[in-house]
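Enquirer: One structure, as C-alpha cells, below. Some questions next.
FYI, it's all coordinate maths here, none of it is from the lab. Predicted model, so just to flag it, every value in this text is computed and none were measured. As a convention, Cβ positions derive from the backbone with ideal geometry for all residues, glycine included, and neighbour counts pool all protein chains shown.
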Number of protein chains: 4
Amino acid sequence: MTGIDGDTSEDIAEAICLKGGRYLEAQVQGSKQQANDGTLVILAAGDRTLFDDCQSCFKAMGKNSFYLGEVGTASKMNLVLQLMSGVTLAGLAEGMALADRAGLQQKDVLEVLELTGLSCPLIIRKGKAIIEGGFPTNHPLQHMQKDLKLSLNLGDQLEQPLPLTASANEVFKHAKRLGYGDHDTSAVYIRARF
Amino acid sequence: MTGIDGDTSEDIAEAICLKGGRYLEAQVQGSKQQANDGTLVILAAGDRTLFDDCQSCFKAMGKNSFYLGEVGTASKMNLVLQLMSGVTLAGLAEGMALADRAGLQQKDVLEVLELTGLSCPLIIRKGKAIIEGGFPTNHPLQHMQKDLKLSLNLGDQLEQPLPLTASANEVFKHAKRLGYGDHDTSAVYIRARF
Amino acid sequence: MTGIDGDTSEDIAEAICLKGGRYLEAQVQGSKQQANDGTLVILAAGDRTLFDDCQSCFKAMGKNSFYLGEVGTASKMNLVLQLMSGVTLAGLAEGMALADRAGLQQKDVLEVLELTGLSCPLIIRKGKAIIEGGFPTNHPLQHMQKDLKLSLNLGDQLEQPLPLTASANEVFKHAKRLGYGDHDTSAVYIRARF
Amino acid sequence: MTGIDGDTSEDIAEAICLKGGRYLEAQVQGSKQQANDGTLVILAAGDRTLFDDCQSCFKAMGKNSFYLGEVGTASKMNLVLQLMSGVTLAGLAEGMALADRAGLQQKDVLEVLELTGLSCPLIIRKGKAIIEGGFPTNHPLQHMQKDLKLSLNLGDQLEQPLPLTASANEVFKHAKRLGYGDHDTSAVYIRARF
C-alpha cells in the first residue's frame, strides 16, 4: 500500500497471477489524522473478487474505497492526486514566504484563506505547520518527492508536459538536499523561504 | 476594487490625501457565485475611519471584511492569495491532463479528490469546468495572469524567488496567447492538455 | 555508442565481464557534420586495455578521445554536456521567438550574436536552422529529450536540483508531443514560438 | 549605455526630441575584457544622423556597431541576447554542479566542452570562474537578473511565454538573495550547487 508506479504494479500482478494468486493493487489517500479517524480513501484495482473479499478490512480503515479497474489504474490515480497536492503545497509555501517578506502576518493570510474557495483541510493544516515551524512528520517530504518523480515518469511515457510538477519536484528535491527529507511535506517552506 | 500592486495603491493614496481626501484600499476575494450569495471577502487597508464608515456597504457585499493596516497591505494580501490560487489551478489542470492521457476518467479523479484533504470549493468548481469543457467566465484568465505577474514583481522587489509562480505565469500567459484570455481561469487546462 | 545512463552501462559491464569479456563504455559528442569531418569527440570509460586497443578506430572517427575512468563516467560526462546543450538550445529558441514577436529580424540577432562571447558552432548552426525553418535532422529532438530525462534521473539519484534542465525537458517533451520528435533539436523553436 | 527596456528608451527619446534634441539609443554587448580590447559590440537605434556622427567614438570602443532602426530596437535586441546568455549560464552552472556531485572533474568537463560545438568564449570563461570559485566581477550578477526581468516584461507585453527565462530569472534572483548580487554572473553556480 505504498506509492508505486503503474508499471511496477503490473509486473507484481503478473508474477503473482502466474503462480495462481490473486492481486489487488491498493493505494491510500489520506493523512495520519485520517488514518486515526478511519477516514482514509482506498483506491484499488486488479482482481475484483479480491476487492469484494477485502471490503470488511477496507471499511475498518476508511469510509470510502474505490474499485477503479485493471491493475495500474489505482497507482496512476494516486499519482495524479499526489501531483495536485505537491504543486498546491509548493504554491502554499511560496505564498507564505512572499507574505512574510512583504511584512504580512502569516496567520492573517491563513485566516483570510479559510474564508475563500481555496480553504481545504490540507492547505489549512500545512499552513498552520508552516506558521508553527516545527514540521512534525505527518507525511514525509521524501515520499512526496518520490511521488512527484513517478508522476513525471508517467508524463514522460505519455509525452504529457508537466511544467508545474517539474518545478515542484525540483523544489521538493532541494528541500530534501537541505536535510528535510524525513520531515513533513510542509518543510518545503524552508526551501521557499531561504 | 480591482487587483493592483501595493506601490500603485500607495501612489493613489498619496494623491488623494494631498487633496484632503481619505483613501481606503479595498480588494475582493471571491467568485461570481460568492458575489451573488453576498459571501465575498473584503480586504481593506488605509484610512481606518473610512473603513468603519464603509461597514454597512461591506456587509451587503460579504460576510467578512478585514482591516489589514497601512495602504498597500490589502493589495499584497490579495496577491499572495491569487498566487496560491493560480499555482493550485495550474496544478489541477496538469493533473487532469495527465489523468486523461493515462486513461483515467476525470470524473473519477474529482470524485476521489472530494474525499481527500485537497477538497475545496475552488478546485471542485474548476475541476467540473474542465470536465464540462465550456469554460464560461467566472474569473477571467487574463486577470489571473495579471495577478501572477504582479506577484512576481513583488517577489522581484523583495528578492523572493518564486519558481512555481513563475512557471504558472508562463502557462497562463501561453493560454492567453492561445486566445483564452477572456475565458475562465479553468481554460488553463487547454494549455496543459494540448 | 548511444546515450545511456551510468547505471545501465554498469549493468552491461558486469554482464560482459562475468562472461570473461572486456567492456569499454564509449559516448560520442558531435554533430553529423563533425562525423563527416572526422572531428567527433569520443568519451570512453571502463577497460583501459580495450581503450588502448581501440585507438586506431577512434582516430578514424574523431581527433580526440578521452579515457575518463571507471565504467559509468563516460555516460555521466555525456549527460552533463547534453544537459548544457539542451538548456542552451531551449534558451536560443526562446530568444529567437521573442525577437520575432518584438519585430526584430532574426538574422540580425544571429549576426550580432556571432560577434559576442556566446558565438559557438552549435548556436550559430541551430540559429540558422530556426531562421530557415526546415529543421532537417542533424540530431533528433527525441534523443535530446531522452538525454535531458536521463540527466534529471541522475540529478534525482544525487539529490541535485536542476530547475533549468527540468524546464528544458518539459519544453522538448512538448515539441515531441507536437510531432517534432524525429525532426532536428532546433525544432524546439516551434514549441517556443507557438 | 546601460540595459533598459524599449519603452523607457522611447520615453527618453520623446522628451529629448520635444526639446529639439537628437536621441540615439545605444546598448553595449561585451565583457570587461572586450572593453579593454576595444572589441565591444555597439547596438544603436534612433537618430541615424547622430549614429553617423558617433562613428569615430564607436570605433574607439568596438570594432562593430549596428544601426538597428527606430528607438527601442537596440534595447530589445540587447534583451534578447542577454536572455540567451542568462539561460546558457544558468544551464552551465547546473551542469557543473551535477558533474561535481557525480564525481566528475569539472576541469575535464570544460576540456571536453572546448572540443564540442558548444565551445564559446563566454562559456569557457565562466566555466573557469566556476572552477576557480572566486567570482571576481566581470559582469555583475544583479545586472543579469535585471536584464532577465526586463526580458520577461517584454515577453509579458507581447504575450510570449518564456519558461526557461522565467526559471533562469528565479535562479539568479535566488543567488542575489544569497548575497551574490555584486559578484560575477558566474556566481549563479553557488545557487546551483548548494
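Enquirer: I need the phi-derived Karplus couplings for the stretch B:19-29: 6.51 cos²θ - 1.76 cosθ + 1.60, θ = phi - 60°, integer Hz, Gly and Pro marked x.
Expert: 8, x, x, 10, 10, 10, 7, 9, 10, 10, 10
Enquirer: Distances in nm, one decimal, shortest first, from A:Y67 to the same residue in every other copy, taking the label point 7 angstrom along Cα→Cβ.
Expert: 6.0, 6.4, 8.1
Enquirer: Please compute, for the alpha-carbon atoms of the stretch A:6-71, the extent along each of the three principal axes and give them in descending order in Å.
Expert: Its Cα atoms span 38, 23, 17 Å along the three principal axes.
Enquirer: Output the direction-averaged projected area (hull surface divided by four) of the convex hull of the alpha-carbon atoms of the stretch A:49-110, in nm².
Expert: It is 6.0 nm².
Enquirer: Continuing with the same structure: Take the alpha carbon gyration tensor of the stretch C:114-178, find the square roots of its eigenvalues, order them as a ≥ b ≥ c, and report rounded if a/c is under 1.5; if not, report prolate when a/b exceeds b/c, else oblate.
Expert: oblate
Enquirer: Same structure, new question: How many partner chain Cβ atoms sit within 10 Å of a residue's Cβ in peptide D:173-180, on average, as a whole number?
Expert: Going residue by residue through D:173-180 and averaging, the value is 4.
Enquirer: Per the Debye formula with a single identical scatterer at each Cα and no solvent contribution, what log10 I(q)/I(0) holds for the stretch A:1-157 at q = 0.09 Å⁻¹?
Expert: -0.37
Enquirer: Using +1 on the beta carbon of Lys and Arg, -1 on that of Asp and Glu, and nothing else charged, what's the dipole of the protein assembly as shown about the Cα centre, debye to 20?
Expert: So the magnitude is around 0 debye.
Enquirer: When a footprinting reagent is the concern and you count Cβ atoms within 10 Å, what order do D:Y189, B:Y180 take, fewest first?
Expert: With the sparsest Cβ surroundings first, the list reads B:Y180, D:Y189.
Enquirer: How many partner chain Cβ atoms sit within 10 Å of a residue's Cβ in peptide A:142-152, on average, as a whole number?
Expert: Per residue, the average neighbour count from other chains is 2.
Enquirer: Rounded, prolate or oblate: which fits the protein assembly as shown when a ≥ b ≥ c are the square roots of the eigenvalues of the alpha-carbon gyration tensor, with rounded for a/c under 1.5 and prolate only if a/b beats b/c?
Expert: oblate
Enquirer: Just report the Cα centroid separation between the stretch D:68-141 and the stretch D:167-194, whole Å.
Expert: 13
Enquirer: When you look at the Cβ of every residue in B:67-79, what mean number of other chain Cβ atoms sits within 10 Å?
Expert: Mean inter-chain Cβ contacts per residue within 10 Å come to 3.
Enquirer: Here's a follow-up. Would you list, by chain and number, the lysines whose Cα falls below 21 Å from the Cα of B:K59, excluding same-chain residues fewer than 8 positions away?
Expert: Reachable lysines: B:K32.
Enquirer: What GluC sites (Glu not before Pro) does the stretch A:74-146 have in DSSP loop regions with at most 12 other beta carbons within 10 Å?
Expert: none
Enquirer: If we count every other residue with Cβ under 14 angstrom of D:D37's Cβ, Lys/Arg +1 and Asp/Glu -1, where does the sum land?
Expert: +4
Enquirer: Moving to a separate point now. Placing a label point 7 Å from Cα toward Cβ, how far apart in nm is A:I16 from its equivalents in the other copies, listed shortest first to one decimal?
Expert: Here A:I16 shows inter-copy label distances of 3.9, 6.5, 7.6 nm.
Enquirer: Rounded to two decimals, what is Rg over Rh for the stretch D:75-193 when you use alpha-carbon atoms and the Kirkwood radius?
Expert: Rg/Rh for the stretch D:75-193 comes to 0.98.
Enquirer: While we're here: Note the count of lysine pairs whose C-alpha atoms are less than 20 angstrom apart in the stretch C:80-194, limited to pairs 8 or more residues apart or on different chains.
Expert: Qualifying lysine pairs in the stretch C:80-194: 9.
Enquirer: With springs only between Cα atoms under 10 Å apart, run a GNM on chain C and tell me which of C:A26, C:A60, C:A44 wobbles the most.
Expert: The residue with the greatest mean-square fluctuation here is C:A60.
Enquirer: What dipole magnitude, in Debye to the nearest 20, does the stretch D:6-71 give about its Cα centre under +1 on Lys/Arg Cβ and -1 on Asp/Glu Cβ?
Expert: 360
Enquirer: Using θ = phi - 60° and the Karplus form 6.51 cos²θ - 1.76 cosθ + 1.60, what ³J(HN,Hα) does each residue of the stretch D:65-78 get, whole Hz, x for Gly and Pro?
Expert: Going residue by residue, I get 10, 10, 9, 9, x, 6, 3, x, 5, 5, 4, 5, 4, 4 Hz, with x marking Gly and Pro.
Enquirer: So, one more: Choose one answer from A:L154, A:L92, A:L118: the residue with the largest mean-square fluctuation in a GNM of chain A with alpha-carbon springs under 10 Å.
Expert: Between A:L154, A:L92, A:L118, it is A:L118 that shows the largest mean-square fluctuation.
Enquirer: Helix-only estimate, please: 222 nm mean residue ellipticity of chain A, summing -39500 (n - 2.57) across DSSP H runs of length 4 or more and dividing by its residues, to the nearest 500.
Expert: -18500 deg cm²/dmol
Enquirer: Amide H of B:N64 versus every other amide H placed in the peptide plane: which residues, excluding those fewer than 5 positions away on the same chain, fall under 5 Å?
Expert: B:I42
Enquirer: Specify the angular offset, from 0 to 90 degrees and rounded to the nearest 10, of the alpha carbon long axis of helix A:6-18 from the longest principal axis of the alpha carbons in chain A.
Expert: The angle comes out near 20 degrees.
Enquirer: Considering the rotation that carries chain B onto chain D, locate the chain B residue whose Cβ comes closest to its axis and report the distance in whole Å.
Expert: B:A166, 2
Enquirer: Once phi is turned into θ = phi - 60°, what whole-Hz ³J(HN,Hα) does the Karplus curve with 6.51, -1.76 and 1.60 give for every residue of the stretch C:142-153, x standing for Gly and Pro?
Expert: 5, 5, 4, 5, 4, 5, 5, 4, 5, 4, 5, 4
Enquirer: Shifting gears a bit: To the nearest 10 degrees, how steeply does helix D:163-175 sit against the main Cα axis of chain D, on a 0 to 90 scale?
Expert: 70
Enquirer: With only Lys, Arg, Asp and Glu charged, each at its Cβ (+1 for the first two, -1 for the last two), find how big the charge dipole of the stretch D:1-154 is about the Cα centre; round to the nearest 20 debye.
Expert: 320
Enquirer: Within 10 Å, count the other beta carbons around each residue, average over each peptide in B:119-131, C:70-82, and list them highest first.
Expert: The densest-packed peptide leads the list: C:70-82, B:119-131.
Enquirer: Further question: Can you list residues whose amide H is under 5 Å from C:D47's amide H, if they're 5+ apart or on another chain and H is modeled 1.01 Å from N?
Expert: For C:D47, whose amide H was placed from the backbone, the distant partners under 5 Å are C:Y23, C:L24, C:E25.
Enquirer: Counting alpha carbon pairs within less than 8 Å and at least 6 residues apart, what relative contact order, in whole percent, applies to the stretch A:1-137?
Expert: After rounding, I find 20 percent.
Enquirer: Taking the label point as lying 7 angstrom from Cα along the Cα-to-Cβ axis, what are the distances from D:R125 to the corresponding position in the remaining copies, in ascending order and in nanometres?
Expert: Distances between equivalent label points, in nm: 2.5, 5.4, 5.4.
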